[in-house]
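J.: Sharing a structure below in structure tokens format, with a few things to ask.
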Amino acid sequence: MTVYAKVIGTGGYLPEAIKTNEDISKTVDTSDEWIFERTGIKKRHIAADDETASSMAEIAAKQAIEAAAIDANDIDLIIVSTGTPDNVYPSTACLLQHRLGNKKAVAFDIQAACSGSVFSLDIATQYIKSGAAKTVLIVGAEICSRIVDWTDRGTCILFGDGAAAMLLQASEEAGVLSTHIHSDGGFEELLKCPNPQAASDKTAEQGYISMKGNEVFKVAVNTLGKIVDETLTANNLDKSAIDWLVPHQANSRIIAATAKKLKMSMEQVVLTLEEQGNTSSASVLLAFNTAVRDGRIQRGQVVLLEAFGAGFTWGSALIKY
Ligand code: COA
């Protein structure tokens, strides 16, 4: 009997405060027109001072638990992906476990930058398929606004804050059909966020995101094209079998290139970046949750999730919802 990891619930959280392109153009030399035309972004949510990755993760996770109609103690693995953990340790996943009142799960964080969603999905799927776990909670929780240099117009226009959760459970019914994840550690200088406390050269850099946007853009378009081919080939599927594309929300031009490769109309692409910006590892899960809750993604449909991030890391997941 084939065991699948089936999506049984999703949740999402966006902080209340919103920063628009107009707000940003008051502090750096940019404009709403430039940002929207080059990225597709209009606004992003910004966490309040008293919010943390674990507090946002808790809200998203509780929504997913409610949607799945399970008890928090049914969860036996919790994976949190974040570039802005509450602490270096304990992990944000351990803090989340405590916030949920769960006493039984194994909990740990992963770091794959913006690809954290598909990396978490891959790990969850492997645990479920091997029988090592039955019910797995994955969460992406990011407070990008705290690691963005608000004087750098090349990066501060892109990122936003948010958290999203997905619950997966062992099932005989089809669920995750395949996952594909990759890393190439040769690109640190194109996109990174240093940890100033642990760096050997304390004077070198602040703990802010730095990026060579143009070069990242080119690698991202090329790489995401290849991951689409890899996913279709692995499943012996034609492009036409995919109902929805749920991409990482980094740039509308990168997303349009992937949709074109799939010969998909933009109507079949779940887009949240206009309202949310790039929420790093939360973005794919936030978009998935949005389209489930507004009724676009229906049970039985085939959904392709893909992401690309610092490292570089990249990957995809094909899900029969
Ligand atoms: N407002 C106005 N002008 C800006 C600007 C801004 N916010 N940011 C950069 N510019 C300027 C540059 O200084 C440059 O000016 P110059 O020609 O006088 O030197 C010009 O615009 C073009 O810069 P470039 O970096 O080539 O722009 P771009 O079209 O590549 O757009 C990004 C910049 C960041 C929007 C785009 O490269 C991008 O989205 N890259 C991918 C980022 C990404 O996906 N990162 C996350 C991966 S998970």
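The values are calculated or read from the model by the stated rules, or taken from the named source; none is laboratory data. These numbers were taken from a predicted model, which means no experiment stands behind them. As a convention, Cβ positions derive from the backbone with ideal geometry for all residues, glycine included, and neighbour counts pool all protein chains shown.
J.: Suppose the filter is in contact with a helix residue (DSSP H, G or I) (Cβ under 9 Å, 6 or more places away or on another chain), in contact (Cβ under 8 Å) with a residue 60 or more places away in the chain, away from the ligand (no atom under 14 Å from the Cβ) and not acidic (Asp, Glu); does residue 286 pass it? If you could, list the steps in order and put the result at the bottom.
T.: On the way: in contact with a helix residue (DSSP H, G or I) (Cβ under 9 Å, 6 or more places away or on another chain): yes; in contact (Cβ under 8 Å) with a residue 60 or more places away in the chain: yes; away from the ligand (no atom under 14 Å from the Cβ): yes; not acidic (Asp, Glu): yes.
Yes: the conditions hold for residue 286.
J.: Please find, among 230, 306, 275, the residue that is in contact with a helix residue (DSSP H, G or I) (Cβ under 8 Å, 6 or more places away or on another chain), among the acidic types (Asp, Glu) and in contact (Cβ under 8 Å) with a residue 24 or more places away in the chain. Can you show your working first?
T.: Numbers: 230 fails: in contact with a helix residue (DSSP H, G or I) (Cβ under 8 Å, 6 or more places away or on another chain); 275 fails: in contact with a helix residue (DSSP H, G or I) (Cβ under 8 Å, 6 or more places away or on another chain).
Only one candidate passes the filter, namely 306.
J.: When region 3-48 is examined, which residues are found to be surrounded by fewer than 20 Cβ atoms within 10 Å (Cβ to Cβ), of a type in the set (Gly, Ala, Ser) and under 29 Å from residue 68 (Cβ atoms)?
T.: 48
J.: For residue 34, all conditions in the list (1) away from the ligand (no atom under 16 Å from the Cβ); (2) in a helix (DSSP H, G or I); (3) free of Cβ contacts under 8 Å to residues at least 24 places away in the same chain hold save one; what is the number of the exception?
T.: (1)
J.: Test residue 250 against the stated conditions and say whether it is within 16 Å of the ligand (Cβ to nearest atom), part of a loop (DSSP other than H, G, I, E, B) and at pLDDT 95 or above.
T.: Working: within 16 Å of the ligand (Cβ to nearest atom): yes; part of a loop (DSSP other than H, G, I, E, B): yes; at pLDDT 95 or above: yes.
Yes: the conditions hold for residue 250.
J.: Checking the conditions here, which among 200, 183 is farther than 18 Å from residue 156 by Cβ and free of Cβ contacts under 8 Å to residues at least 12 places away in the same chain? Give the steps one after another, and end with the answer.
T.: Numbers: 183 fails: free of Cβ contacts under 8 Å to residues at least 12 places away in the same chain.
Exactly one residue qualifies, and that residue is 200.
J.: Follow-up question, since we're still on this one. Looking at 260, 212, which one is within 16 Å of the ligand (Cβ to nearest atom), surrounded by fewer than 24 Cβ atoms within 10 Å (Cβ to Cβ) and free of Cβ contacts under 8 Å to residues at least 24 places away in the same chain? Quick ask: steps written out before the conclusion?
T.: On the way: 260 fails: within 16 Å of the ligand (Cβ to nearest atom).
Answer to the selection: 212.
J.: Also, I was wondering about something else. Of the residues that make up region 215-224, is at least one within 16 Å of the ligand (Cβ to nearest atom), of a type in the set (Lys, Arg) and either surrounded by 15 or more Cβ atoms within 10 Å (Cβ to Cβ) or in contact (Cβ under 8 Å) with a residue 60 or more places away in the chain (or both)?
T.: Of all residues in region 215-224, those within 16 Å of the ligand (Cβ to nearest atom) come to 215-224.
Right, trim to of a type in the set (Lys, Arg) and you get 218.
Okay, now just the ones that are also either surrounded by 15 or more Cβ atoms within 10 Å (Cβ to Cβ) or in contact (Cβ under 8 Å) with a residue 60 or more places away in the chain (or both), so none.
No, that holds for no residue.
J.: I would also like to ask the following. Could you check residue 56 against (1) under 23 Å from residue 126 (Cβ atoms); (2) away from the ligand (no atom under 16 Å from the Cβ); (3) crowded, with 18+ Cβ neighbours inside 10 Å and say which number it fails?
T.: (1)
J.: Using the structure shown, decide if residue 173 is exposed (fewer than 12 other Cβ atoms within 10 Å of the Cβ), part of a loop (DSSP other than H, G, I, E, B) and either within 16 Å of the ligand (Cβ to nearest atom) or free of Cβ contacts under 8 Å to residues at least 40 places away in the same chain (or both). Give the derivation first.
T.: Values: exposed (fewer than 12 other Cβ atoms within 10 Å of the Cβ): yes; part of a loop (DSSP other than H, G, I, E, B): yes; either within 16 Å of the ligand (Cβ to nearest atom) or free of Cβ contacts under 8 Å to residues at least 40 places away in the same chain (or both): no.
When the stated conditions are applied, residue 173 does not pass them.
J.: While we're here: Can you confirm whether region 286-304 contains a residue that is surrounded by fewer than 12 Cβ atoms within 10 Å (Cβ to Cβ), out of contact with any strand residue (DSSP E or B) (no Cβ under 7 Å at 6 or more places or on another chain) and at pLDDT below 95?
T.: no
J.: Any idea which of 238, 294, 229 is within 26 Å of residue 142 (Cα to Cα), of a type in the set (D, E, K, R) and away from the ligand (no atom under 14 Å from the Cβ)? Steps first, please.
T.: Numbers: 238 fails: within 26 Å of residue 142 (Cα to Cα); 229 fails: within 26 Å of residue 142 (Cα to Cα).
So the residue among 238, 294, 229 that is within 26 Å of residue 142 (Cα to Cα), of a type in the set (D, E, K, R) and away from the ligand (no atom under 14 Å from the Cβ) is 294.
J.: When region 95-140 is examined, which residues are found to be within 22 Å of residue 162 (Cα to Cα), hydrophobic (A, V, I, L, M, F, W, C), out of contact with any helix residue (DSSP H, G or I) (no Cβ under 7 Å at 6 or more places or on another chain) and away from the ligand (no atom under 16 Å from the Cβ)?
T.: Within region 95-140, 121, 123, 124 qualify.
J.: Okay, moving on. Of 114, 156, which residue is closer than 30 Å to residue 35 by Cα and surrounded by 24 or more Cβ atoms within 10 Å (Cβ to Cβ)?
T.: Of 114, 156, the one residue that is closer than 30 Å to residue 35 by Cα and surrounded by 24 or more Cβ atoms within 10 Å (Cβ to Cβ) is 114.
J.: Answer yes or no as to whether residue 224 is in a loop (DSSP other than H, G, I, E, B), in contact with a Ser or Thr (Cβ under 8 Å, 6 or more places away or on another chain) and farther than 30 Å from residue 89 by Cα.
T.: No.
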